[in-house]
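Encoded as structure tokens, the structure appears first; notes follow it.
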Amino acid sequence: MNKTLQEIEEEIKDYENENNRLREENDKLKQEIEIYEEENDKLYFETLDKERELLKKKNKYVFFLKNNYDRIYMWLIIIALVFIIYKFV
């Protein structure tokens, strides 16, 4: 099967066209990947901010409990005593 020069040139052009099409598709996919990576980074940092806010709130409550443990314990004992006295009276 001998091919003529023109057939070979047409085949080369076809391959080049296919190659160009694939390169364009590859570039589009790379752009899409960049967009998704940017969105992922944005969501990641938003999540970090939310976690930081939650930790701040948690730390606030823990700090409150640590600093007011004696008062809270005292009030719980008083409430328990009032309840016990109320039951017996």
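Which values, in whole Å and largest first, are the semi-axes of the equivalent ellipsoid of the chain obtained as the square root of 5 times each eigenvalue of the Cα gyration tensor?
Equivalent ellipsoid semi-axes, largest first: 79, 14, 7 Å.
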Fill in the blank from the handout: So the angle from the long Cα axis of helix 5-67 to the longest Cα principal axis of the chain, reported in degrees to the nearest 10, equals 10 degrees
Handout entry: Dipole in debye (nearest 20) - the chain, about Cα centre, beta carbon charges: Lys, Arg +1; Asp, Glu -1
Key = 1980 debye
Fill in the blank from the handout: Placing +1 on each Lys and Arg Cβ and -1 on each Asp and Glu Cβ in region 50-89, then taking the dipole about the Cα centre, the residue among F63, I84, Y73 whose Cα reaches farthest towards the positive end is F63
Problem - MRE, 222 nm, helices only [DSSP H, n ≥ 4, -39500 (n - 2.57), over the chain, to nearest 500] - result: -34500 deg cm²/dmol
Completion exercise
The helix 69-88 Cα axis meets the longest alpha-carbon principal axis of the chain at an angle in degrees, between 0 and 90 and rounded to 10, of 50 degrees
Completion exercise
Taking the dipole of region 1-84 about the Cα centre (Lys, Arg +1; Asp, Glu -1; charges at Cβ), the one of I12, L48, L29 that reaches farthest to the positive side is L48
Handout entry: Set of lysines with alpha-carbon distance to K50 below 28 Å, sequence-local pairs under 8 removed
Key = K42, K58, K60, K66
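Throughout, read-outs are computed from the coordinates displayed, never taken from laboratory work. If you're wondering where the values come from, they're calculated on a predicted model, not measured in any experiment. Cβ atoms come from the backbone with ideal geometry, glycine included; neighbour counts cover every protein chain shown.
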